[in-house]
Amino acid sequence: MGASTPIAILPRPRGGAFIVWLRNLLVWRKLMVAGLFLAFGEPFVYLLGLGYGLGRFIGEVGGLPYLAFLASGLLASSAMNAASFEGMYSVFTRMTHQQTYDAILATPLSVDDIVAGEMLWCATKSVIVTLPILVVAALLGAVAGPAAVLAVPVFFLIGLCFAGPAMLMAALAPSYDFFNYYVTLLITPMFIFSGVFYPVTTLPGFAQALVQLLPLSHAVGLVRPLVAGSAPADAGLHLVVLLGYAAAGYLASTWFIRRRLVR
Amino acid sequence: MQDQEWALEHPQGPVAGVAPGGSVVVARGLTKAFDGRLAVRGIDLDVPQGGCFGFLGPNGAGKTTTLRMILGQSPPSSGTLSVFGLPVERSIREIRARTGVVPQADNADPDFTVAENLRMYARYFRLPRAVVAPRVRELLEFMELADRADDPIKSLSGGMKRRLTIARALINDPELIILDEPTTGLDPQVRRMIWNRLRQLGHAGKTLLLTTHYMDEAERLCDDLVVMDGGRIIAQGAPRALVEAHVEPYVVEIQGDAATLQRLLGSLPGVRLERVGETGYCYTASLAPVLERLGQVPGISHRHRPTTLEDVFLRITGHELREA
Ligand SMILES: Nc1ncnc2c1ncn2[C@@H]1O[C@H](COP(=O)(O)OP(=O)(O)OP(=O)(O)O)[C@@H](O)[C@H]1O
Ligand SMILES: [Mg+2]
C-alpha cells in the first residue's frame, strides 16, 4: 500500500512491480551492447587464466576437472555479486541521488511495488551476468551437457537471495561508503570460503559449520552438480536456505525502504 | 496557436467525487511531526475545484510537507485529509492516478532521454499505447521541448528540465496539478512561458495547487492563497483582498536613518513606519502628505508604489530573516 504503511505490515506489491522491473530492463538494454564485450571477455580471462593455469597443478577437485569446479563456483558467486551490487549501489542511487523513487511515488505505484520490482530486477541481473559465463564455460568444455540450463532458474533464485540483504543495506546506508563494510565483512569472505575455489570440506570443522549458515555455499551446492551433469545432493536444504534468505531479506528491505521513502 | 489548442482539447469535466463548486482537497486539523518537531500544526484547507490555489510562506513554513501529505508521500501525524472526496490513507492510488506533480527539485530519470522520460512515466500510469504517442508529442510541443525530444537529461538547461517536469506532470491528463515552486531559479522568459501554460491549464478547468516564494507569481496566478508560517496558516484569501485587508494602499521606500524618518513622518496620522536594514518603509493611505514632508529634506532618496502581496507577506510573517 502507498500512503501510510510503515513497519510490520506485510508487503503488498501489485502489477506495478513489473513496470519498475521494465524500467531497469529498458535502461540496461540501452547500455547492453557496450557491456557485451566485458560480459564475455571477463569470464574468458578468469576461466582460462585460473581454470587452465591452476588446473595444471591441481588436476581434479571433488571429482571434477579444476576448470569445471571453478566455473561452477564462479557462476554461483557471480550471481551473488550481480544481485548484491545492483541491490546496494543501483538501488541506493535511485533512492537518493537520482530521486527515481520519489518520481515514481507521484504515480499510482507504491513503495512495495518498487521494492518487489527492484528485487525481481536484481535476480534478472544475476541471470544476465551468469549466462555469458555459462556460454564461455561450455565453450571451454567445463559444462557437462544441456541439462546445465537447469542452473538458470537457480541463478535467478541466488539473485533473489542476495538482493534482499543488499537492498536492506541500501535502505540503511547513509552513503556509498557503508557498502564497503557489507562487501568486506560478508561478500568477500563468502566468496573465499564458500567452496568457489576449493571444497568447503578442506576447512576446519567450525569454519565449515559457519559457512553452512551463509547462503553462498548452498548456491554452490546447487549450481556445481547441475553444471557437472548430476543431481544435487541435499537440494531441499539448499533451496530452503536460499528461499529463506530471499524471504527474510525481502521483508526487511520492504520495511526499511518504506521507512526511508515515506516519512 | 498550437499550445492554445492543447488546453482546449482537454477541457476538464466535472471532477468525480466532488460536487460542483465543492473542494478538491479538504484537510482538517492536519498535523505533521518529524521526530517530535511539528512541521505542520493543525491546518484546515478547502481547495476549491478549478482555479489556482497558492501556498506562500518563508523557508521551512511547512508547504512541501503539506503537499507531500496530500500526495500520500508522508503520513499525517493527525488530522483528516481527503482529495477528490477520497481519504488519502486508503485511496492514494486513485488520487495519484488523477493528479500531476511537479516536485520542488526536478527528478527526471537521468537514464532516459526527454521523450523516453514521458513514455516511461506513462507506463507507471498504465496509459494505453494509443494515447501515449500523440500525448507525448503534444506535451513536448506544449512545453516547447519538441526539438529536445531525443536529448539526454544531462544536456538540458535548468529551464528545460523544469519544463520537462511540468510536461511529465501532465502525462496522465490530471484533474489536479500540484506544483512545488514551479519557477524557482528560472530566467524571466521561462517564468513567463510557464505562467502562460499554467494559466491555460487553469482555463481548461484544471485545479492548480502551487507553492511559491515569488509574490508577483502568486498575484498573477492565484485566485486564492494561504500564507503559512511555522506550520500554521496565518492568512488566507484572494491576493487583492489580502492586500486590502492587511496593508495600506501605498508604500514609500526611503533611504535614511531611523531617527530622521521618525521625526519627519512619525507624527502624520495613518502612517506606519517599518525598517529593513538601511531602508525605511512608510505605509500610508494618502501619499501626498508623506511626499510633501520628504520634499522638505533635500537629498533624501525615496520612491513610492502601490502596496503588493510582498508587503502583506513581510507584514504578517515579520521582517526578520528566517532560519538565520
Ligand atoms: N524528512 C524530514 N525529516 C525531518 N524534518 C523535516 C523533514 N522534511 C521537512 N522537515 C522539516 O519540516 C519543516 C517544514 O519543511 P518544509 O520542507 O515543508 O518547508 P517549506 O515550506 O516547503 O520550505 P521551503 O520554502 O524552504 O521549501 C522544516 O523545519 C523542515 O526542516
Ligand atoms: Mg518546500
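The values are calculated or read from the model by the stated rules, or taken from the named source; none is laboratory data. This structure is a prediction, so every number in the text was calculated from the model and none was measured. Cβ: placed from backbone, ideal geometry, glycine included. Neighbour counts: every protein chain shown.
Just checking, how many residues over region B:58-75 are in a loop (DSSP other than H, G, I, E, B) and more than 9 Å from ligand 2 (Cβ to nearest atom)?
Looking only at region B:58-75, we keep the residues that are in a loop (DSSP other than H, G, I, E, B), and these are B:58-62, B:71-75.
This time we only want the ones that are more than 9 Å from ligand 2 (Cβ to nearest atom), so: B:58, B:71-75.
So the count comes out to 6.
So which of B:Ile166, B:Ile178, B:Ile95 is free of Cβ contacts under 8 Å to residues at least 60 places away in the same chain, outside any loop (DSSP other than H, G, I, E, B) and among the β-branched types (Val, Ile, Thr)? I'd like the intermediate steps shown before the answer.
Working: B:Ile166 fails: free of Cβ contacts under 8 Å to residues at least 60 places away in the same chain; B:Ile178 fails: free of Cβ contacts under 8 Å to residues at least 60 places away in the same chain.
Matching residue, one of B:Ile166, B:Ile178, B:Ile95: B:Ile95.
Tell me which of these A:Arg12 doesn't satisfy, since it passes every other one: (1) away from chain B (no Cβ under 11 Å); (2) without any contact (Cβ under 8 Å) to a residue 40 or more places away in the chain; (3) among the charged types (D, E, K, R).
(2)
Criterion first (touching a strand residue (DSSP E or B) at 6+ places or on another chain (Cβ under 8 Å), away from ligand 2 (no atom under 16 Å from the Cβ) and within 14 Å of chain A (Cβ to nearest Cβ)) does B:Pro48 satisfy it? Explain how you work it out, then say what you get.
Working: touching a strand residue (DSSP E or B) at 6+ places or on another chain (Cβ under 8 Å): yes; away from ligand 2 (no atom under 16 Å from the Cβ): yes; within 14 Å of chain A (Cβ to nearest Cβ): no.
Here the answer is no, as B:Pro48 does not meet what is asked.
Of all residues in region B:165-185, which are within 16 Å of ligand 2 (Cβ to nearest atom) and either more than 20 Å from B:Val114 (Cα to Cα) or within 13 Å of another protein chain (Cβ to nearest Cβ) (or both)?
The first filter runs over region B:165-185 and keeps only residues within 16 Å of ligand 2 (Cβ to nearest atom), leaving B:165, B:178-185.
If the condition is that a residue be within 16 Å of ligand 2 (Cβ to nearest atom) and either more than 20 Å from B:Val114 (Cα to Cα) or within 13 Å of another protein chain (Cβ to nearest Cβ) (or both), then B:Thr165, B:Ile178, B:Leu179, B:Asp180, B:Glu181, B:Thr184, B:Gly185 are the ones that fit.
Among the listed residues B:Ala218, B:Ala167, B:Ala204, identify the single one that is buried (at least 23 other Cβ atoms within 10 Å of the Cβ) and more than 16 Å from ligand 1 (Cβ to nearest atom).
Numbers: B:Ala218 fails: more than 16 Å from ligand 1 (Cβ to nearest atom); B:Ala204 fails: buried (at least 23 other Cβ atoms within 10 Å of the Cβ).
Within the list B:Ala218, B:Ala167, B:Ala204, the selection yields B:Ala167.
So which of B:Gly299, B:Gly270, B:Gly295, B:Gly266 ends up being without any contact (Cβ under 8 Å) to a residue 40 or more places away in the chain and touching an Asp or Glu at 6+ places or on another chain (Cβ under 9 Å)?
Values: B:Gly299 fails: touching an Asp or Glu at 6+ places or on another chain (Cβ under 9 Å); B:Gly295 fails: touching an Asp or Glu at 6+ places or on another chain (Cβ under 9 Å); B:Gly266 fails: touching an Asp or Glu at 6+ places or on another chain (Cβ under 9 Å).
Exactly one residue qualifies, and that residue is B:Gly270.
With the structure loaded, tell me whether B:Leu209 is touching a strand residue (DSSP E or B) at 6+ places or on another chain (Cβ under 9 Å) and in a strand (DSSP E or B) or whether it fails that test. Can you show your working first?
Values: touching a strand residue (DSSP E or B) at 6+ places or on another chain (Cβ under 9 Å): yes; in a strand (DSSP E or B): yes.
In short, yes.
Any idea how many residues of region B:31-57 are within 13 Å of ligand 1 (Cβ to nearest atom), on the phi < 0 side of the Ramachandran plot and touching a helix residue (DSSP H, G or I) at 6+ places or on another chain (Cβ under 9 Å)? Working first, answer last.
Taking region B:31-57 first, the residues within 13 Å of ligand 1 (Cβ to nearest atom) are B:31-41, B:43, B:54-57.
Narrowing the set further to residues that are on the phi < 0 side of the Ramachandran plot leaves B:31-34, B:37-41, B:43, B:54-56.
Next, from what is left, pick out any that are touching a helix residue (DSSP H, G or I) at 6+ places or on another chain (Cβ under 9 Å): B:32, B:34, B:39-40, B:43, B:54-56.
Residues flagged as within 13 Å of ligand 1 (Cβ to nearest atom), on the phi < 0 side of the Ramachandran plot and touching a helix residue (DSSP H, G or I) at 6+ places or on another chain (Cβ under 9 Å) within region B:31-57 amount to 8.
Among (1) more than 16 Å from ligand 1 (Cβ to nearest atom); (2) among the small types (Gly, Ala, Ser); (3) farther than 23 Å from B:Asp106 by Cα, there is one condition B:Ala235 misses while meeting the rest; what is its number?
(1)
Taking helices (runs of 4 or more DSSP H) that fall entirely within region A:24-110, which contain at least 2 residues that are within 20 Å of A:Ser253 (Cα to Cα) and at pLDDT 90 or above?
Working: elements: A:53-58, A:66-85, A:91-95, A:100-104.
Once the helices (runs of 4 or more DSSP H) in region A:24-110 are filtered for at least 2 residues that are within 20 Å of A:Ser253 (Cα to Cα) and at pLDDT 90 or above, what remains is A:66-85, A:91-95, A:100-104.
Using the structure shown, decide if B:Val26 is within 14 Å of chain A (Cβ to nearest Cβ) and either out of contact with any Phe, Trp or Tyr (no Cβ under 6 Å at 6 or more places or on another chain) or within 16 Å of ligand 1 (Cβ to nearest atom) (or both).
Numbers: within 14 Å of chain A (Cβ to nearest Cβ): no; either out of contact with any Phe, Trp or Tyr (no Cβ under 6 Å at 6 or more places or on another chain) or within 16 Å of ligand 1 (Cβ to nearest atom) (or both): yes.
No, not satisfied.
Could you check, for region B:108-118, whether at least one of its residues is in a loop (DSSP other than H, G, I, E, B) and away from chain A (no Cβ under 11 Å)? Before you say what the answer is, go through the steps one by one.
The first filter runs over region B:108-118 and keeps only residues in a loop (DSSP other than H, G, I, E, B), leaving B:108-112.
Still in the running and away from chain A (no Cβ under 11 Å): none.
No, there is no match, as no residue in region B:108-118 is in a loop (DSSP other than H, G, I, E, B) and away from chain A (no Cβ under 11 Å).
Could you tell me whether B:Gly60 is buried (at least 21 other Cβ atoms within 10 Å of the Cβ), on the phi > 0 side of the Ramachandran plot and modelled with pLDDT of 95 or more?
Values: buried (at least 21 other Cβ atoms within 10 Å of the Cβ): no; on the phi > 0 side of the Ramachandran plot: yes; modelled with pLDDT of 95 or more: yes.
No: the conditions fail for B:Gly60.
Go through the residues of region A:44-61 one by one and say whether even a single one is surrounded by 19 or more Cβ atoms within 10 Å (Cβ to Cβ), of a type outside the set (Ser, Thr, Tyr) and closer than 16 Å to A:Ile133 by Cβ.
yes
Does A:Gly159 fit the bill of being within 19 Å of A:Arg259 (Cα to Cα), part of a helix (DSSP H, G or I) and small (Gly, Ala, Ser)? Explain how you work it out, then say what you get.
Numbers: within 19 Å of A:Arg259 (Cα to Cα): no; part of a helix (DSSP H, G or I): yes; small (Gly, Ala, Ser): yes.
Spelling it out, it is not the case that A:Gly159 is within 19 Å of A:Arg259 (Cα to Cα), part of a helix (DSSP H, G or I) and small (Gly, Ala, Ser).
Kindly indicate whether any position in region B:98-106 is over 21 Å from the mean Cα position of the chain (by Cα) and closer than 23 Å to A:Leu26 by Cβ.
Start the filter on region B:98-106 by keeping residues that are over 21 Å from the mean Cα position of the chain (by Cα), which leaves none.
Checked region B:98-106: no residue is over 21 Å from the mean Cα position of the chain (by Cα) and closer than 23 Å to A:Leu26 by Cβ.
Being surrounded by fewer than 20 Cβ atoms within 10 Å (Cβ to Cβ) and within 10 Å of chain A (Cβ to nearest Cβ) is the requirement here; does B:Arg96 meet it? Break it down stepwise before answering.
Numbers: surrounded by fewer than 20 Cβ atoms within 10 Å (Cβ to Cβ): no; within 10 Å of chain A (Cβ to nearest Cβ): yes.
Criteria not met by B:Arg96.
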